[in-house]
Amino acid sequence: MSDGALTLHQAREILSLVSPGAAVTEVIARTGGELSTVYEIRCAGPPDAVIVKIYAEQWRWKLAKEVHVYGVLADQGVRPAPTILHAEYGTDLVGSPFAVMTRLSGRPLSEAIDEFDTDQVRGVYRQMGAVLSAIHRVEQDAYGYLTTRLRHPEPDNTAYMNRQFAKKLREFAEHGGDPALHDRIEEHVAHQAELFAASVGPRLCHNDFYEGNVLVAPEADDWALTGFIDVENAVAADPLLDLAKTQYYSVHDDEAKLSGLLDGYGPLPDDWVDRVRLYRLYHALELWDWFALIGNVSPLPGIADDLRTLTAHR
């Protein structure tokens, strides 16, 4: 957003696009990322509140992508995700493109999980597994990165993942990654590449389904998953690629999280452990490249250690 924080005047103008006459009472900055800024506009009601996501100019195409992907999810009955109420591709109102969407109840799981006991952790992750499974039932025509269509589609998973690893290894080298580790990853992938062919077919993958993008709320003596957000990274891929990202970003070595996730997801192929391990390597490499690109160097040594661990066995 070019002009600083969202003002009350701008919030009233935005709300008039979806609910003329509704009274704005408060504008609250919510969690934002490198690519966008998020606000909650609270109202005297109805509606009680909406979410406004403002996209940096160079990422305006991600607005169209989110509109498309949320639309696909709604058409396929995959819940609970936000509904896009309005998409503004011009910049006159707030200086940047933006989307207005329904506000889901709850707060990010990353903020709440320290309040959970072991059974509650397992229960929420079971719900996460069920949602991922529903997303992965949405079939795609080919493998590739999604915008409003598939970009540079590949007909099979082997071609897609070999291309992706080659790209991320090239970026690793360009950003000064350890040459010996680069060669070690390249060799490891070459020896494991036959695993890519086992994919069930291209499916819609959230590709960022971690605790920061999952919303939860207390329900009686338990916790309920109330929504998931942020489909900016969605791809058409082997669904195990998505499970692997959740494991690498959020599950780690937590048995309660993993058992809950797998129980909620449902049956997996016999080779899922090896395939998920290889996909975790991809996600670690991609994350190293991203942090190096934006100049956040402090996590790089730890991720490099993960890369060495994930290439330790074949």
query: Hey, among 259, 250, which residue is more than 14 Å from residue 108 (Cβ to Cβ), polar (S, T, N, Q) and surrounded by fewer than 24 Cβ atoms within 10 Å (Cβ to Cβ)?
result: 259
- prompt: Across segment 122-155, what is the total count of residues that are of a type outside the set (Gly, Ala, Ser), surrounded by 15 or more Cβ atoms within 10 Å (Cβ to Cβ) and touching a strand residue (DSSP E or B) at 6+ places or on another chain (Cβ under 7 Å)?
  reply: 14
field: When residues of segment 164-186 are limited to those that are touching a residue at least 24 places away in the same chain (Cβ under 8 Å) and open to solvent by 40 Å² or more (accessible area, probe 1.4 Å), the one nearest to residue 269 (Cα to Cα)
entry: 184
- line: Conditions (1) surrounded by 18 or more Cβ atoms within 10 Å (Cβ to Cβ); (2) more than 19 Å from the chain's Cα centre (by Cα); (3) free of Cβ contacts under 8 Å to residues at least 60 places away in the same chain -> residue 301 fails only (1)
message: Restricting to segment 213-234, count the residues that are out of contact with any Gly (no Cβ under 7 Å at 6 or more places or on another chain) and open to solvent by less than 20 Å² (accessible area, probe 1.4 Å).
response: 7
query: Since residue 200 meets every condition but one in (1) touching a Pro at 6+ places or on another chain (Cβ under 8 Å); (2) surrounded by 15 or more Cβ atoms within 10 Å (Cβ to Cβ), which condition does it not meet?
result: (2)
Extreme residue, most open to solvent (accessible area, probe 1.4 Å), among residues of segment 73-86 that are within 14 Å of residue 228 (Cβ to Cβ) and part of a helix (DSSP H, G or I): 74
task: Confirm whether residue 195 is open to solvent by 10 Å² or more (accessible area, probe 1.4 Å), touching a helix residue (DSSP H, G or I) at 6+ places or on another chain (Cβ under 9 Å) and not polar (S, T, N, Q).
output: yes
message: Residue under question is residue 16, and the condition is that it be open to solvent by less than 30 Å² (accessible area, probe 1.4 Å) and either at pLDDT below 95 or assigned to a strand (DSSP E or B) (or both); does it hold?
response: no
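For segment 75-94, name all the residues that are of a type in the set (Gly, Ala, Ser) and either closer than 18 Å to residue 149 by Cβ or touching a Lys or Arg at 6+ places or on another chain (Cβ under 8 Å) (or both). Write out each step before concluding.
Our first condition is that a residue be of a type in the set (Gly, Ala, Ser); within segment 75-94, this holds for 77, 81, 87, 90.
Correct list: 87 only.
The values are calculated or read from the model by the stated rules, or taken from the named source; none is laboratory data. This is a predicted model, so every value here is computed, not measured. So basically every Cβ, Gly included, is an ideal-geometry build from the backbone, and we count neighbours across all protein chains shown. Areas reflect the complete protein model, heavy atoms only, side chains present, ligands, DNA and RNA absent. Shrake-Rupley method; radii C 1.70, N 1.55, O 1.52, S 1.80 Å.
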